[in-house]
Structure formats: C-alpha cells, structure tokens
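The values are calculated or read from the model by the stated rules, or taken from the named source; none is laboratory data. Note that this is a predicted model, so its numbers are computed, not measured. Cβ atoms come from the backbone with ideal geometry, glycine included; neighbour counts cover every protein chain shown.
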Amino acid sequence: MTGKRNEATDASLLAASLPLPNTVSSPASLSPPLPLSRVGTYETAAPDYVEPIAPGEVVVAQPAAEEVIMSPALSVEARVAEGWAVALEVNGERVNDSHIGERRLDHKNKVSTFTFVGLNLRPGPNRLKATAMSKEGVAARSVEQIVYGRGPARRLEIVPAKREVQAGGRDATLVTVRAFDQWGHPAADGQIAVQTSAGRLLVPNANKAKNGEVNSSLQGEGTNAIAAISAEQINQNSQQQMAQLAGGETVVELISDGAPATAKLHASAGEVEAEEEVRIIPEVRPALLVGLAEISIGRAAPEISMRGEEGNFRSRLAFYYRGQFFGQNLLTLAYDSQRPLNRTAAGRDRLFQLDPLERVYPLFGDSSTRFEDAQSNSKLYARLDRGRSYAMFGDFDADLQTAGLATYARNLTGVKLHAENANGDFVTVTGARPDTAFARDVLPGGFLSLQRLSHFDILPGSETVTLEVRDRRNPEIILSRQTLARSVDYNLNPASGEIFFLRPISVFDYELNLLQTVVTYEYRASDLSSAVYTARAQKRFGQTLQLGLSFVDQRQADLGSFLLGGVDGEWTLPRRGKLQFAWAMSRGRVAANGNVFNTIGDGEHNGQAYRVELEQPLPLYDSVLRANFSRSDEDFLNPFGQTSTPGAQRAGVSLDLRPRSSRVIRFQLLDERNRTANVDNERITAGLSWNETWTDRLRTFFAYDFRRLNDELSERDTTSNLITAGVEYRPTDKLELSVKREQNLGESDPTYPNQTTLSARYQFNQQARLFFTQRLASAPIVPIADVANTGFAATGSRRETAIGVETQFGRYTSMTGRYQLENGINGTDSFAVIGLQNRLPLSKVFSLDLQYERGFHLAGQGESFNTGGIGLSWQPTANFRSSARYELRDRNGLGQLLTIGAAGKMGDGVTALAQVQMGRAVFGERGSSSFNGTAAISFRPLDSDRAALLFSYTRRSLAQDATTGRAPTRDRSDTLSSDGLYQLTKDLELYGRFALRLSANGDQTLAFASALTYLGQGRAQYRLSRRFDLAGEVRMLAQPASHTRRFSSGAELGYWALSDLRFGGGYNFTSAVEPHGLPNFGARRGFYFTISSKLSNLFDLFGTSRQGLAAGGGSGQTQSGGESQ
C-alpha cells in the first residue's frame, strides 16, 4: 500500500523543525523511511504484526534500557495508540516537539510512532521519560529508563593482535587501543596519541583494520623520496601517531624493526595513559653471509706501501653472518679486523645506531630501510638467540630502565646474558669495562635552542634526553616523562658538546607545571679505568604479583666499588586495585658529574630509599583508597636513574567516597619530613574536600586543609588553615568557566600561598578550542624539601597566565598559542614577562611558526629582554620538503640562531639534501659563533645499476672571543667526499673516489694553523675471459701545507679460481715526496701478491638461490634491500 502524506501536519513540522540528520532510523516492522526532504506524517501498512498499544500507554522501542548511546546525538523512538502523542523529557527537561523528525501512522495495528532526533546527552547516566499525551493534552502513563552517554576517557587498554613479531621490517601486527569512561563504557570519540619505542606505527586503511589485515608492503620506506633521504629519521617520526577513536577504539599497525627489540607501546589521552609490550624477536631465515677476506704479500703491496707500514704481510677480514645454529638457535656474528664496527669514517667511536647526520653519505637515493644489526663499539659483535633468550657481546642496555629506585640508564659495550620464558619472566646479567665517564645535565625550560653541555667529546649514542614535567609544589614528584629522539627532537655535536633542540621548550606547561630537560651521556675521560657488572631478575607469580630484583657493581680504579641494589614489584588487587613498591640501597663512592652536581670528591653514599603506593577501589559508595609512603636517606644517591630528594620522607593516605553519582568526598592525611644539612623540617596536613556536580552545567568544589610546619633551622612554627573554593560553570555547550580561590586563615604555608586561579575554555568546534588560565599569588611557591643539588627546575614567579588557541587541522598539523605572564624576583631584579607562541598552517603546503617573549624590567640592576623566533615550512610536493627557523634572545647578552634545510627528489634518479645552522651569541664578556652545514646529492638511475654517483660536503666552524684569562679560539673543519662507478661495457668497469678534509684551529698563544688533506682513487677492471681479468689502479694522497705527497699506481693480473675467490699478482709504481720537496727513498716499488674473496658466494650463504640470481641477472636492475653493518 502506498503511503499518504498529511500535508497540514507536514507543513507545521517543517516550520518549527531543526536541521535533521542525514538518516532516520525506522523499526523493522514499518516501511522504510522516506527521504528527509519529505519529512512529515506517513500512513503506512505494516507488513509484519506490531503489538497494539492500549490508549494511554506508551512504549519506548529505542533505545533499550541501560543502553550506551554510541552516536553523537540521541534518537528516541516511542509508540502510543493511534490518535495519541508523546511528550519526552531528558534529565528532567522537556524536549521541544521540533525534535520530532518523523511520525508514522499504522492504521492496521492502530499505532503511532514518534521519532525524536538530535538530542544531547551528558556523560554517564541520563534519565529518559516518555509520557502518553491525549488529544486534549492530558498526560497519561509514563515510562522512565536510563541510557548512558559516553564520557571522556578515564582508562585505556592496549590489545595487540600478536605478542611477538619477527625482526627484519617485514612482519607486523595490528594494535587495538580501547578507551573507557568512568562508567566502564566506550569513551567519547577523540584523538589518542600512540607511540612505540621500537618499530614503526602506521594508521591502516579502515577496511584493513576492520578485517584484521596488516600492510602488504612492509619492506623499505616505499617510494617516498623523503624516506629515501634518511630512513632513520622517518622511522623516528613514524614511532608516534595520532589516531582517531571510532566507537571508543582505534587501530594502529606496528611494523617490526630490523633488529630484535622490545616495542614498548604507550597510548595517552590527556592525563590517561596505558602501556603494553610487543616483542620483536629475531627473524629466522636462511643463512646470510657477506664479507671480504684479503691477504697482501710483499713490501710493495699497495695497502702496505700507502700506509708506510713495516713488514711484508697484511691481512683484513670483515664479515657479517646470520643463520640458524644447531636447530632453532639463531647466530649473528660480525667482525672487522681493522676497526670497531661502530666507528665512523671520520674515526669517531659511538654506541648503537649511527646518527644520520654523522654518515659520510646521508642519502643513497634508494628506498631501502637502513638499519644496523650488529652494533658494537668493538671489532666483534656476537649474538646467539633462542626464542626470547640470548647471549651477546656488543652494545647493550642493562634492562634496568624499569627498576624503580635502582634504575641504571648507562649504555655500554660488553657481555650480556638474557634468559626469558614465554610468560615474560627473565634474568639478565651483564659485564663491561668502559673507558668513559658518566655525566648528567639538567636544563630548565625557557632556554635558547642551542645549549652547551658540561662536557665535550661525548660518545655518540650514549646520550638519553628526557623531557620532564614536575609538580609545581613538590618538584620531587614527576608528573610525566618523555624521551626525545635524536635528529627528530634534537641534534647533538659530540665533539663540542653542543645540543640543538628542534622544538621549543617552555618554562611551564599549559597547566603551569615546571618543565626541564635531563641529558645523561658518556664522555671521554683520561686515565679512567672501570668495570661494571649488573644483574636484573623479574618474575610474575600468577596473574597478581610481579617481583623484580636489581644489582649494580660499578668498580672504579681510584674510588673502589659503588654498589646499587633494589627490589621492586607490583601486586594486582581485587577490583582493579594495585600495590606498587620499591626499595633501593647505595654503597660506596661513585664517579658522576654534570652541571648540577659532582660526586667525584664526595665521600661514601651509604643510604637507602623506599617507595610504596596503593590504589584500591572499594565497594562502599564506589570509594577509592589511596596510600603512599616514600623515604630517602640523606646519603642515598643514584645519579643513573630518576632523581630522588635526599633526606625526604613522605607518607599519605586518602579516601574518595562517591555517595551519589554527582558527589565526591575526599579525606586526606599527609606527613612530610626532611632532614639534611640544608633543611630540617616536618609538616602535617589533614584535609577534607567536597566536589559536587549540581547539573550538567554547574560543579562546585570546596576543601579545607590544616597544615602545621615545624622548621628547626629557622626555629619557626607555621600553622595554616587553607580554605579552597572553586566553581566550574558551563553557560553554553561550548563555553566553560572556572574560578578557584585558595585563602589561608592566618599564616600562610610557604608552599601554599594565597592565590586565585581563573580559567575559561571555549570550544569553537570539535577541532578548535580557546583557553585561558590566570594564576595570581601573594608569594612564590617554595618547596620545603632539599632540592639544592637535585637539579629540579624552580621559579620564583608569583603570576602566570596562559591564553591561546588549540586547533587540530589534520593528522600531522596542529596550531597552539601561548601567552605567559611571569612576575618573579631573582636577587634584586624583578621582571614582568609576556610572550606568544603560535603555529599557523597557512595552506596544505606552507606553515608558519611564530614565537615572541618580552621581559619588562621592573626593579634592580638588570635590563628588559626579548626572545623571538620565526619558522617557515614548505612542502610543495610529496617528494620535497624545506624549512627555515630564526631565533633571537637578548637577555644578559645577545643570542641568534638560524637554521635552513631542504631535501627532496630533484628528478628521476637524483636526490638532494642541504641544511645549514648558524649561531651567534654574546653573553657576559664572551661571544661565540658557530656554523654547521651539509650538502649531499645522489645519482641513481631508476632502470639500471650500471652507474651511480654519491656526493657529500660538510662544514663546521666555531669561534669564541677572548675573556679574562682566556684567549680567543677558532676551529674549522671541511669534509668533502665523492664516490662513483660506471659500467662502460659488459666487461669493463670503472670506479672513482675523491675525498678532501680541511682542519684549522688556533688562538692568540698559537698561530692559526690549517691542514688540507685530499686523496683520490681510480680503478679500471677488464674481464679478459671467464677466469682472467686485468685491473689498473691509481691512488693519490697529498697535504699541500706540509708539501707531502704520495702517489701510487699499479697493474694487476687476476685469476678466478672460484666464482668469488681471486688470486692476483701485480707491480706497484709508488712515489712519495716529503716536506721541502725531498723524495722519500723509503717508498717501495715492486711486485706483490694478493688473495681476496667475497665470502658470500665462496660459502654460498647469501640467502638467495643461484637460480634466483640467474633469473634476475639479465634485467640489469637490482632491488635495494636492508643494509646492515
């Protein structure tokens, strides 16, 4: 039967209606809905039986009672008898009839169906009341039910599809992140930040995520030219992703790294965080062997003659092997008889992955994934894997990063044994003999991006840079920690000890907590001999208890042994409760220093530290019991982990009661005691707070805190009665206002002065929000703990203001604004500081960064200052990216910094990169200037590997003016490198190499001296027949300043005994000129004999069948694969 429209009813509906959604739900028993352009009253015939409804009765068909509403707005479908209407209330407020999106009249079953659309819900329980209304407007029977709106995330859960993935970059797993609100339902949709410590993260296609499919293209970085420039930097950027929740969950894809590791996944939504681990286990694959073995016999052999070595024999063995060993064991070996495996071409040692900026050639013009599987600051790397267990010699960490108070964060080279079962229980034992010293520098927020650490000649790869957010009133409490990535968040010049931050770091975060950066690293120290032995064991007992044991023995030649040990654990309690505990002890003297403390001259640090934290939900009134206890002896010290406050003891307990869903009552007791040479005090706090939500728009807060502070050093007792009152009000759905006043009745505690906090937030839309926060205090916040030698960030400010706009334009682009007002006193000076930071994406290809801060000098001997910066970013295509940034600061001098960079694909087979960093600073009596620049280009034809050219140029300079007792100094280095090959014919191959290095330095006491050294090499090789070839080679090494020149040329005839084993004999024409043009009669000419082999084919262990090589040999093309060292 065709429906008949009631035009009069339809017209009245459309006149008063609001904008309607794109779809309208319809019960299965009714005919499909008509288009919304025809919204109105419909007379329909029901194909199925619909239960009749008696007059005066009402039935809510949708939603069901206790249902969680997943859509942004609520739709309610109610049925009454024919001729009756429905009145709907949500949380006690009548819903206007304009929200009725559809009425359907079923004459057969005598039923009228009303659909209400576009109804707003508050988070949590919402009360619906539907009432049947007669034609005369008389209310009849009512039906009430509760439905739930989704609230903000209060708990996150990370669920990987697989707990283990194989290394090599070809395996992946989907990771689901679920968000829950405080009622345990899926949280409201928003953005989740996900990051991993190893591997790469991708946001998969929605259909793939739904079907549980992983990315089918995992090798390399695809065809992205930027990825071809530096795979390491792209990998670092891909370790952080912003994912959008849909239905309270989101899915990301974790792609394995090239080497085994533990991928520590971290998800966060505001202050809510969750962590999980996925193991990247060794990839079991056919045996792979690449390497070179070479023996030269004869005093005239080119390798012996060019180096001026004595003797008639020289050999070199360098190889990398990976393959199965006695069953399912995996053996990895690497060895180089001439140098440590990690040593750079410039002769600098390092740990772990090489900084892309330190490579001779920062780009190779292909899309291969470059990783280093054998990382060792020694000539040897060895590792034997079986499942999750392994034994190794090479670069390692001691698995003590999660050891609580006994954390040991040094990166070393030595022996490591790790035994682990499928449950994650493990035992780790390590041993190393480092020849470096440990340092820890703390940099407070608000500094210039270019900073100099307290030491130079840093061992690259040993540094750990962490951004910490610390509690404003108790700086010893860390609110959050974020590890920064090299070449993504900062660049490090290990020779000079300069660190350049690629992101601005403010004094405060947006909640006005303190920010600081902690840098730990190893640096070269003369006459230092030490040995380090560590042990770590972790065991899980059932599903409730996890226990860890830690031990460190650091033996120092002059100071003896320093012992550090501890116990840590977590006990899972009923109702999602948990008990965390840690104990640590330190014994002996330790060599550690930095810009905050120096322990080398200290006595013994014999002390202990404890920490216990309890969180237990209780069934009574949905209450939560929290308790904590921490204590640190004055002599306890662990400079290698999280900083603890010496001589501090803190014990507290709190109980949160929720007698009603809208009311939270908290009782709190806190006892603080500090005993050191600098402080001797104790404070007792008892508090009561009441948090009441009156409506979905109004919430109030009231608290009373009694504090008694006894300071023995000043012989002063302070008793404070602090009243805190606050109101949060939402006059509209988009605007939220709040005010909080903290007022002492009588004396004020130094940590809790009288202050007022004002804030406002306006939500423009789902992507944009305006915020404002103002703090006005009568005095600075002064902690009572001894933080003099801890390096904790501190400020004497009494007023701070934050105002700005936060907008999320897309996955990778965001805009933030900040205005900061600080009124503080440093000695006799006081300043009022105002500043602004903004990032403005002007278009899809162009963005602008602005930063400015003005400090007005109010009193004292100082002067007003300015800090400003501007940055530009331009990405016109997917294959090109460029950026520029300028900073200026004139406080106590003048500092300027300019950085410019560009990278991209210039054409088919041509990729280029260029970056420049220039700095000039004049602080105090001394000025300095620096310049760092790099340019690189690669030519790699897409259709052939018959030709290739790599070029790189780097220049670095540093000049420092003179000061009292110190002369001005200048240092400069220029490095140029170029390699090329060309296959002229099938049998003729040409190779060439040229390198140049200029080094210069000096001061007033020494003449400025420079040395230019360059070398060139050319080689031609012609295959005479299947077994014989002829090669000619020319080498040249010269240093014009010293008039030194060495020239070598030779001809060589080779015989291929096997496909990759070559015997060669030749004659070396060598000449050398020493200073003053005198010939070097020690230059050796004559015959020599060599044996060389590429081990891969000699042992047939390259991992590719000969049939596969033969099949691909005719194309003239090769596919770039993973590169390892």
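Candidates 689, 720, 759, 738: the one that is more than 36 Å from the chain's Cα centre (by Cα), of a type in the set (Ser, Thr, Tyr), part of a strand (DSSP E or B) and closer than 24 Å to residue 799 by Cβ is 720. For region 712-746, the set of residues classified as acidic (Asp, Glu) and within 26 Å of residue 674 (Cβ to Cβ) consists of 712, 715, 717, 742, listed by residue number. If the condition is being more than 18 Å from residue 995 (Cα to Cα) and among the acidic types (Asp, Glu), then region 1025-1043 contributes only 1029.
In a residue-by-residue description of region 265-280, the property of being modelled with pLDDT of 75 or more, surrounded by fewer than 19 Cβ atoms within 10 Å (Cβ to Cβ), small (Gly, Ala, Ser) and touching a Gly at 6+ places or on another chain (Cβ under 8 Å) applies to no position.
So that you can scan it fast, the table gives a plain yes or no per residue for (1) at pLDDT 95 or above; (2) closer than 16 Å to residue 752 by Cβ:
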residue: 680; (1), (2): no, no
residue: 683; (1), (2): no, yes
residue: 686; (1), (2): yes, yes
residue: 691; (1), (2): no, no
residue: 696; (1), (2): no, no
residue: 699; (1), (2): no, no
residue: 707; (1), (2): no, yes
residue: 710; (1), (2): no, yes
residue: 715; (1), (2): no, no
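For the condition among the acidic types (Asp, Glu) and assigned to a strand (DSSP E or B), what is the one hit in 747, 728? Exactly one residue qualifies, and that residue is 728. If residue 707 satisfies all but one of (1) assigned to a strand (DSSP E or B); (2) surrounded by fewer than 15 Cβ atoms within 10 Å (Cβ to Cβ), what's the number of the condition it fails? Just one mismatch for residue 707, condition (2). Against the numbered list (1) over 30 Å from residue 997 (Cβ atoms); (2) at pLDDT 80 or above; (3) of a type outside the set (Asp, Glu), residue 894 comes up short only at (2). Counting only strands (runs of 3 or more DSSP E) that sit completely within region 259-309, those holding 3 or more residues that are in the same structural domain as residue 165 (by TED's automatic domain parsing) and touching a residue at least 40 places away in the same chain (Cβ under 8 Å) correspond to 261-269, 272-281. From the list 629, 640, the lone residue that is part of a loop (DSSP other than H, G, I, E, B), of a type in the set (A, V, I, L, M, F, W, C) and at negative phi is 640. Here residue 445 meets each of (1) at pLDDT below 85; (2) within 27 Å of residue 568 (Cα to Cα) with one exception, condition (2).
Go through (1) small (Gly, Ala, Ser); (2) buried (at least 17 other Cβ atoms within 10 Å of the Cβ); (3) more than 20 Å from residue 494 (Cβ to Cβ) and name the single condition residue 439 misses. Going through the list (1) small (Gly, Ala, Ser); (2) buried (at least 17 other Cβ atoms within 10 Å of the Cβ); (3) more than 20 Å from residue 494 (Cβ to Cβ), residue 439 breaks only (3). From the list 661, 738, 644, the lone residue that is among the polar types (S, T, N, Q), surrounded by fewer than 16 Cβ atoms within 10 Å (Cβ to Cβ) and at pLDDT below 95 is 661. Taken over region 172-184, the residue count meeting the criterion of being part of a loop (DSSP other than H, G, I, E, B) and surrounded by fewer than 20 Cβ atoms within 10 Å (Cβ to Cβ) is 3.
Restricting to region 462-472, name every residue that is at pLDDT 80 or above and part of a loop (DSSP other than H, G, I, E, B). Within region 462-472, 462, 463 meet the criteria.
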